[in-house]
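Student: Okay, here's the structure, questions in a sec.
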Amino acid sequence: MTAAALHRALTDPGPPPLRALPAPVAELLSALDSPPRLAAHLRAVHDVAWHLTAALADWSPLLGFDRAAVLFGAATHDIGKVVHPEELSGPGSTHEPAGRDLLLRHGVDAALARFAATHAGWRGGDVDLDDLLVSLADKVWKGKRVAELEQLVVNRLARATGSEPWQAFMDLDDILTRLAADADRRLAFQASHPV
C-alpha cells in the first residue's frame, strides 16, 4: 500500500466526522505500514468508543471504567490484522493474540495491549467493564446489536451504580441506538479505503 493511502485513512475527516486516532497509535500504524482499511476501521471503532464512553460518563459520573484505556483499546483492538491481513476481508481470530504480542513488542503496557486479545472474548469470565466497552464499540460501529453482550454491560452498569437493571437497559439502549444510526456512513467510510 502506498503511504498516501494510509495517510488518507488516518486523516480523512469522514463522513461521518471521525476523530483522529491517538497520535502514538497513528504513528505505530504508519511505522507498520498498516493496510488503509484497517486504519479506517480502527478510527470508526475508536470514534464510537469515544461517544459511548462520553455518554456513559454523563449517565453516571461515578461509573468505574478507565476511559483512556477503553479508547486505546478501541484504537488498537484489530492491530493484529497488520500481521494477518487476510482477516481484514475474511474470518479469523489469529489476529487477536498476534495483536497483543505486536503491541507488547512495541512497548505498550500489557494492561493496554490486552484489548487486542480480549475484544472478541467478551464471554470469558476474566473481562472487566473496560473490555466489554471495547467489544461493544466494535459491534455498534457497524450497527450490530448483540443482546448477550449488551446484557453483560447492563448488569455491570446496574451493579456499579445501584440503578435498576431495566433502567440501565433503557439508558444503554438509547445510547446504542443513537450510535448505530450512523453505521451505514461508517461502513461506507471504511469501504472507501483499500485493503
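Student: Counting alpha carbon pairs within less than 8 Å and at least 6 residues apart, what relative contact order, in whole percent, applies to the chain?
Tutor: Values: 268 pairs, mean separation 50.0, N = 195.
Computed value for the chain: 26 percent relative contact order.
Student: Counting residues in the range 29-89 as N, plug N into 2.2 N^0.38 Å and put the Cα Rg over that result.
Tutor: 1.31
Student: OK, next. Taking only protein heavy atoms and a 1.4 Å probe, what accessible area per residue, in Å², does the chain have with all protein chains in place?
Tutor: 45
Student: Name the residue from Ala74, Thr94, Leu176 whose Cα lies farthest towards the positive end of the charge dipole of the range 36-181, charges +1 on Cβ of Lys and Arg and -1 on Cβ of Asp and Glu.
Tutor: Result: Thr94, furthest along the dipole toward the positive end.
Student: Which percent of the accessible heavy-atom area of the chain goes to carbon and sulfur, probe 1.4 angstrom?
Tutor: Ligands and nucleic acids excluded, carbon and sulfur give 57 percent.
Student: Relative contact order (percent) for the range 28-109, with alpha-carbon contacts under 8 angstrom and 6 or more residues of separation?
Tutor: The value is 30 percent.
Student: Got the relative contact order for the range 95-195 handy, in percent, Cα pairs under 8 Å and 6 or more residues apart?
Tutor: Answer for the range 95-195 is 21 percent.
Student: Which of the trypsin sites (Lys or Arg not before Pro) across the range 88-127 are loop residues per DSSP, with 14 or fewer other Cβ within 10 Å?
Tutor: Passing sites in the range 88-127 are Arg123.
Student: Run a plain Debye calculation on the chain (Cα atoms as equal point scatterers, no solvent) and give log10 I(q)/I(0) at q = 0.10, 0.13, 0.15 Å⁻¹, rounded to two decimals, same order as the q list.
Tutor: Log-scaled intensity ratios, in q order: -0.38, -0.64, -0.85.
Student: I'd like the Karplus ³J(HN,Hα) series for the range 83-88: coefficients 6.51, -1.76, 1.60, θ = phi - 60°, whole numbers in Hz, and an x wherever there's a Gly or Pro.
Tutor: 7, 10, x, 4, 7, 6
Student: Oh, and also: Hydropathy at least -1.0 by Kyte-Doolittle, axial extent at least 27 angstrom from the Cα trace: which helices of the chain, defined as entire DSSP H runs, fit?
Tutor: Length and hydropathy pass: 36-59.
The values are calculated or read from the model by the stated rules, or taken from the named source; none is laboratory data. What you see is a predicted model; the values in this text were computed from it and never measured. Counting neighbours? That spans all protein chains shown, and the Cβs are built from the backbone with ideal geometry, glycine included. In case anyone asks, the SASA skips ligands and DNA or RNA and just uses the protein heavy atoms, side chains included. Shrake-Rupley method; radii C 1.70, N 1.55, O 1.52, S 1.80 Å.
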